[in-house]
Amino acid sequence: MKAVQVTGYGDVDKLEVRDVPVPEPGAGEVLIKVKACAINNTEIWMREGAYGSGGKSGWKPEGVNFPRTPGSDITGEVVKTGEGVDESMQGSHVVLYPLTSKEEEGTEHYADDMSFIGSEYDGGYAEYVVWSADLCFPMPLDDFTESAVFSVSGLTAWHMVEQIQAKPGETVMVTGANGGVGSLNVQIAANVFGARVIAIVGDLAEERRMKELGASHVLSYKSENLAEEILKVNDGPIDAVLDVVGDALFATSLHVLKKGGKFCISGSAGGQKTNLDFRTVYLKHITMYGSVLGTRKEFEKMLEAISEGKIRPVIDKTFPLEKAGEAQAYFKEKGKFGKIVLLPETEE
């Protein structure tokens, strides 16, 4: 089969298209023909070494074992079952919960033994992938490509909104609102939890589309008076911030939060380090959350909300599997709206 593998830490030239054996499912596992795999920051930062130090990077301190097939937002068809798996799963259209852990339910996403598909396991930049049968769920939508855009981004977004405990009547500001996680943050906060959402984007030409997703107001981070504009449209300070940008909007976020407000971050595309005046945090009684991925139970709740039409897929562009390097480079460009998806072309 064809697979795109990361051969070491570095630029996109570390991605190579290779012919590798089709994996065999072990006990409790299934073999899945990959139909779509969306791209996330996780596999790009893993390749670039951004998650670690001293030349090692990944979800675990020891770093990644190369070569590694990345990709964690996976949908496909079960084509073979391993020992102990009900053969009726064969032919099922599934979406994969992207991590494993033997720890207590509800802590699996940050447990010490958490292992991530595409980092500790070979992932979906391939024609086939093996995964645990009990971590494969029925697709929430009929379309493989549309169902593939939620696993990591949607799970991360859902957990972020759960962290801040968004409620009807509250105002939540979403940074990077046109991106993969951000566009889902908008929908989940507004359409599932009932909050009022202020979406922060780069180009205000996206205003109509953001409001279609559920945003009440859309503002540009390029404004010289962004903080004042946020306070004006909300008629005062806001309740919470869902941030994927980091440094670039950090000071603004803390400024517009009310006393007792909540700040949740799951990414730092706009800068990984910042200057923090602790007085702002303690004098305003701000609660801060770090957040990534989410629990299996949250994954199930998210899939249910998708199937009910409360959360819609937002797709910017698709690429063939062989163009994974080009797709990752495009992913890093500004101005995208939604997810980027790789489409393997497997033989029938």
**Fill in**
Charge dipole of the range 127-243 built from unit charges on the beta carbon (Lys, Arg +1; Asp, Glu -1), centred at mean Cα; most positive-end Cα among 159, 172, 231 is 231
**Prompt:** Antiparallel as a % of all DSSP beta bridges within the chain, to the nearest 5?
**Reply:** 55 percent
**Asked** Can you tell which of 141, 67, 289 lies farthest toward the positive end of the dipole of the chain, using +1 and -1 charges on the Cβ of basic and acidic side chains (Lys, Arg; Asp, Glu)?
**Response** 289
**Fill in**
Percent antiparallel among DSSP beta bridges confined to the range 62-206, nearest 5, equals 60 percent
**Request:** Springs between alpha-carbon atoms under 10 Å, Gaussian network over the chain: tell me which of 313, 98, 168 tops the mean-square fluctuations.
**Result:** 168
**Item:** For the range 1-123: rounded, prolate or oblate by the Cα gyration tensor [a/c cutoff 1.5]
**Value:** oblate
**Request:** For the chain, with a Gaussian network of springs between Cα atoms less than 10 Å apart, report the residue from 232, 14, 301 with the top mean-square fluctuation.
**Result:** 232
**Item:** Sparse-neighbour loop sites [GluC sites (Glu not before Pro); the range 242-347; at most 16 other C-beta within 10 Å; DSSP]
**Value:** 308, 333, 345, 347
**Request:** Over the chain, calculate the relative contact order: mean separation of alpha carbon pairs under 8 Å at least 6 apart, over the residue count, as a percent.
**Result:** 18 percent
**Item:** Net +/- balance of residues flanking residue 234 in space, Cβ distance below 14 Å, scoring K and R +1, D and E -1
**Value:** -2
**Asked** With +1 on each Lys and Arg Cβ and -1 on each Asp and Glu Cβ, how big is the dipole of the chain about its Cα centre, in debye rounded to the nearest 20?
**Response** 1420 debye
**Item:** Using θ = phi - 60° and Karplus 6.51 cos²θ - 1.76 cosθ + 1.60, couplings along the range 80-87 (whole Hz; Gly, Pro as x)
**Value:** 7, 10, x, 4, x, 9, 4, 5
**Asked** Where does the range 190-307 land on Rg(C-alpha)/(2.2 N^0.38 Å)?
**Response** 1.12
**Request:** Send over the Kirkwood Rh of the range 82-228, from the inverse of the averaged 1/r over different Cα pairs, rounded to one decimal Å.
**Result:** 17.5 Å
**Request:** Among (1) 51, 43, 36; (2) 59, 44, 41; (3) 68, 43, 40, find the value of Cα extents along the principal axes in Å that was calculated from the structure presented, and write down its label.
**Result:** (2)
**Item:** Rg ratio (alpha-carbon, reference 2.2 N^0.38 Å) - the range 153-230
**Value:** 1.00
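Every number here is computed from the coordinates shown, using simple stated rules; none is lab data. This is a predicted model, so every value here is computed, not measured. Cβ coordinates were reconstructed from backbone atoms using ideal geometry, including for glycine residues, and neighbour counts include every protein chain displayed.
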